[in-house]
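The values are calculated or read from the model by the stated rules, or taken from the named source; none is laboratory data. Note that this is a predicted model, so its numbers are computed, not measured. Cβ sites come from the backbone with ideal geometry, for glycine too, and all protein chains shown count toward neighbours. Areas reflect the complete protein model, heavy atoms only, side chains present, ligands, DNA and RNA absent. Shrake-Rupley method; radii C 1.70, N 1.55, O 1.52, S 1.80 Å.
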Amino acid sequence: QVQLVESGGGLVQPGGSLRLSCAASGSIFSIYTMAWYRQAPGKQRDLVALITSGGSPDYADSVKGRFTISRDNAKNTLYLQMNSLKPEDTAVYFCNANIARRIDNRVTNYWGQGTQVTVSS
């Protein structure tokens, strides 16, 4: 069984920073592309940033220059450094990853449970 567990969300003032983490655990053979999505109330879930297994990042236009995605392959952990936060960044942030399980090497897409980020004064 594979799990993704996010942490690091919370309440922050506009202009502030937060760092999200997502730890993958379980019977993992390999982790491929990892990503952060977010979903605001009443809106669809949108891609925020992704990073390939080789470390190449890509960002939504709305967060370019403010957010940085990174990963530690040795720890099976994904990060999102969020700077210059705005009220419109308020959402539940979800971790997503394509993971090959050790038991059968089958690649499956997994989601974390989400962590709330609220940007407000």
(message) If you take every residue apart from Gly26 with its C-beta less than 11 Å away from the C-beta of Gly26, what net charge results, scoring Lys and Arg +1 and Asp and Glu -1?
(response) +2
(message) With the crude spin-label approximation of a point 7 Å out along Cα→Cβ, what separation in nm comes out for Ser17 versus Asn105?
(response) 4.2
(request) Run the quick spin-label model on Gln81 and Ser121: label points 7 Å from Cα toward the beta carbon, then report their separation in nm to one decimal. (result) 2.6
(request) Just the number, please: carbon plus sulfur as a percent of the accessible area of segment 1-76, 1.4 Å probe, no ligands or DNA/RNA counted. (result) 47
(message) If I build a Gaussian network model for the chain, linking alpha-carbon pairs within less than 10 angstrom, which residue out of Ser21, Ser56, Ser70 has the largest mean-square fluctuation?
(response) Ser56
(message) Please compute the modelled spin-label separation between Lys64 and Thr52, points set 7 Å along Cα→Cβ, answer in nm with one decimal.
(response) 1.8
(request) Could you name the lysines whose alpha carbon sits less than 23 Å from that of Lys43, not counting residues in the same chain fewer than 8 places away? (result) Lys64, Lys86
(request) Send over a whole-number figure in Å² for the accessible area per residue of the chain, probe 1.4 Å. (result) 53
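Between Gln113 and Gln1, take the C-beta separation as r, use R0 = 22 Å, and let me know the FRET efficiency to the nearest 0.05.
Details: r = 14 Å, r/R0 = 0.66.
That pair, Gln113 with Gln1, gives E of 0.95.
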